[in-house]
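Please read the structure below before turning to the comments.
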Amino acid sequence: MNNNKNNGRMAICFGLASAWFGTHCGSGFATGAQAVSFWTSYGAYAIFLPIISVALMAGVAYIQWEFCRLNKTYDYRAYSNALFAPYDKVLGTIYEILFIAIMVMGVSAVFAGAGELISTSLGIPYVPSVILVIALVVLLNMFGSGVLLRAASVLSVILIAVILIVCVLGLVQQGGQLVSIVSNWETGGSLGGAILSGILYGSFQCIILGATTNLSQELETKSDSKISAVIGLLMNGVMMIVLTYMLLCYYPEVNSESLPVFAAISKLGIPFLQPAYSIMIFLAFMTTAITCIGAILKRLECFGEKQLPNITVRRAVYSLVIILVCFGIAQFGLLTIIKKGYSAVGYLGIPFVVIPTFVVGIRKISAAKKEQQ
């Protein structure tokens, strides 16, 4: 009986860690653009930068999930309200703005990344490629989103498998370049700038972690929260390190690539990998766009009820606004969105998410435990 219960608890912990892994290692991560922007652009410093990022993410994940478990706050706004009380009207709103900003930039990055993929693969100019992507997203939202979302978990597993194959092959073929970069300590930028970049990556990812708060409802003990965070640390950390080390094999040329993994695949000279990766990453882009737009709509559709009583009309209007905003942001290109946009949110995330989580979150967890006892 105890074994069955323990297996059940472990399954819940693994499920929560997997949800974190899915929100993190999605289409944006799988292009390699995030790794290049925040880690490999610093050369040899990148061998430890993913560790800084994932350690910060795991610490915030554990505190957030344990806080939600004790305070029964099972959505990101309820969590931020409880964390920032009695200043939740201001600070909770800032947290939500940062969360929505990440979602908007996620859609913009999808438009930019998928547009660049089509442009690179088919030779179509960038702007028409982005417009084509938007048209496909709209059509899928209208007719085929259910099928794609139901297949999302399978698509993610296959995409991660393809990425791991690429990483292993890249390390086998070009591992000597990685050894050379590290042994000669070839770096770009300063040590301080590199460490800050690792922190910024962890910071904006900590905001995205708010999407997992609803799953913390299944946690029963402090041990569950710890195990979930440790499993998530290992899953995300291994993927981050392997991808970063593979891209370092192509340093410094890879720093100028808008689709770094695609560029690495083209240099491997294995015919089936490039089309397989292109198809999987494109489907992942579509899934991410639908999911992010849906998350933003779910939050915004309650506003303007008096002006637009028909919810279908409200959703259509908000969808159009979101798509137009994201189309405008997409014109800056994938690397600029990730480096500049995510970095800006990362800077704001340090004082408004990371520090409050470690300082206020830990203190309120202790208070909640004492109250329960």
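The values are calculated or read from the model by the stated rules, or taken from the named source; none is laboratory data. Please read these numbers as outputs of a predicted model, since none were measured by experiment. As a convention, Cβ positions derive from the backbone with ideal geometry for all residues, glycine included, and neighbour counts pool all protein chains shown. The accessibility values were calculated without ligands, DNA or RNA, using every heavy atom of the protein model including side chains. Shrake-Rupley method; radii C 1.70, N 1.55, O 1.52, S 1.80 Å.
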Equivalent ellipsoid semi-axes, the range 18-104, via Cα gyration tensor eigenvalues times 5, rooted, Å:
29, 15, 13
Percent relative contact order for the range 188-314, counting Cα pairs under 8 Å at least six residues apart, stands at 8
Note on the chain: contact order normalised by length, alpha-carbon pairs under 8 Å, 6 or more apart, percent, works out to 40
To the nearest 20 debye, what charge dipole does the chain have about its Cα centre, counting +1 at the Cβ of each Lys and Arg and -1 at the Cβ of each Asp and Glu?
860
Among Ile163, Gly26, Ile100, which residue has its Cα furthest toward the positive end of the charge dipole of the chain, with +1 on Lys/Arg Cβ and -1 on Asp/Glu Cβ?
Ile100
On average, how much accessible surface per residue is there in the chain, in Å², for a 1.4 Å probe, leaving out ligands, DNA and RNA?
44
Work from the charge dipole of the range 1-153 (Cβ charges, +1 for Lys and Arg, -1 for Asp and Glu, about the Cα centre) and give the residue of Asn7, Ser80, Leu70 farthest towards its positive end.
Asn7
Trypsin sites (Lys or Arg not before Pro) restricted to the range 241-306 and DSSP loop, no more than 10 other C-beta within 10 Å:
Lys306
What number, in nm² with one decimal, is the all-direction average of the projected area of the convex hull of the alpha-carbon atoms of the range 207-292?
7.8
Ordering Lys340, Lys369 by the accessible surface of their heavy atoms, 1.4 Å probe, largest first, yields Lys340, Lys369
Carbon plus sulfur, as percent of the 1.4 Å-probe accessible area of the chain, comes to 69
Cα-derived Rg to Rh of the range 148-255, Kirkwood definition
1.05
Segment Val157-Lys267, length gained on full extension (0.36 nm per residue, minus Cα span)
37.2 nm
Where does each of 81-90, 96-105 land if you order them by average Cβ count within 10 Å, highest first?
96-105, 81-90
What are the residues whose amide H is under 5 Å from the amide H of Gly43, where those residues sit 5 or more places off or on another chain and H is modelled from the backbone?
Gly188
For the range 223-373, please report how many Lys pairs fall under 29 Å Cα to Cα, leaving out neighbours fewer than 8 apart on the same chain.
8
Can you give the direction-averaged projected area of the convex hull of the alpha-carbon atoms in the range 228-373, in nm²?
14.2
Give the accessible area for Glu218 in Å² (nearest 10); use a 1.4 Å probe, count only protein heavy atoms, and leave out ligands, DNA and RNA.
110
Report Trp185's accessible area, 1.4 Å probe, all protein chains in place, as a number in Å² to the nearest 10.
110
Looking at the square roots a ≥ b ≥ c of the eigenvalues of the Cα gyration tensor of the range 184-240, which shape do they give, rounded for a/c under 1.5, prolate if a/b is larger than b/c, or oblate?
prolate
Determine the sum of side-chain charges near Asp75: Lys and Arg each +1, Asp and Glu each -1, restricted to other residues whose C-beta is under 15 angstrom from that of Asp75.
+2
Quick P(r) readout (the chain; Cα-Cα; 20 Å bins; whole %) gives 28, 58, 14, 0
